[in-house]
Amino acid sequence: QVQLVESGGGLVQAGGSLRLSCAASGIIFSINNLDWYRQAPGKQRELVAIIISDGSTNYADSVKGRFTISRDNAKNTVYLQMNSLKPEDTGVYYCHTAAKTSGFGAWRDYWGQGTQVTVSS
């Protein structure tokens, strides 16, 4: 199994910054993409940013130019640097990955427990 543990959430004023981290551990043969999703109260979970194993990235339009996703493959860790935060960025942020636990296994989806980000106006 693969475990994802997020950290770095908190309360920040609008215009401030936070850095989220997500560390993958357990039986890991290979990790493909590492993503950050968020879910605001009363809304569906949405993709915020994705980074592929080759380092290519993609972002939701709402965070482009403000958020930066990066990964440390040696540590199986993904980061989300969030700058110029807005109240609409408030929500629970989840780390997600598709990973294999063996060379013969299938790709499976894994989720972290989520970390709360609250941006006050």
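Tell me, what ³J(HN,Hα) does each residue in region 7-20 have, in order and in whole Hz, if you take phi through Karplus 6.51 cos²θ - 1.76 cosθ + 1.60 with θ = phi - 60° and put x for Gly and Pro?
So the J values, rounded to whole Hz, are 7, x, x, x, 9, 9, 7, 3, x, x, 10, 9, 10, 9.
Say R0 is 30 Å: what FRET efficiency, to the nearest 0.05, do Glu46 and Val5 get from their beta-carbon distance?
0.90
Starting from the Cα of Thr118, step 7 Å toward the Cβ, then list every residue of region 70-112 with an amide N under 13 Å from that point.
Taking a point 7 Å out along Cα→Cβ of Thr118, the residues of region 70-112 whose backbone N falls under 13 Å are 90-92.
What is the extension gain from Asn73 to Phe29, computed as 0.36 nm multiplied by their sequence separation minus the C-alpha to C-alpha distance, in nm to one decimal?
Taking Asn73 through Phe29 to full extension adds about 14.6 nm, to one decimal.
Net charge around Thr118, counting only other residues with Cβ within less than 14 Å of its Cβ (Lys, Arg = +1; Asp, Glu = -1)? Numbers along the way, then the final one.
Details: positive: Arg38, Lys86; negative: Glu88, Asp89.
In short, 0.
No lab work stands behind these numbers, since they all come straight from the coordinates. Values in this document were obtained by computation on a predicted structure and should not be read as measured data. All Cβ positions, even for glycine, are placed from backbone atoms using ideal geometry, and neighbour counts span all protein chains on display.
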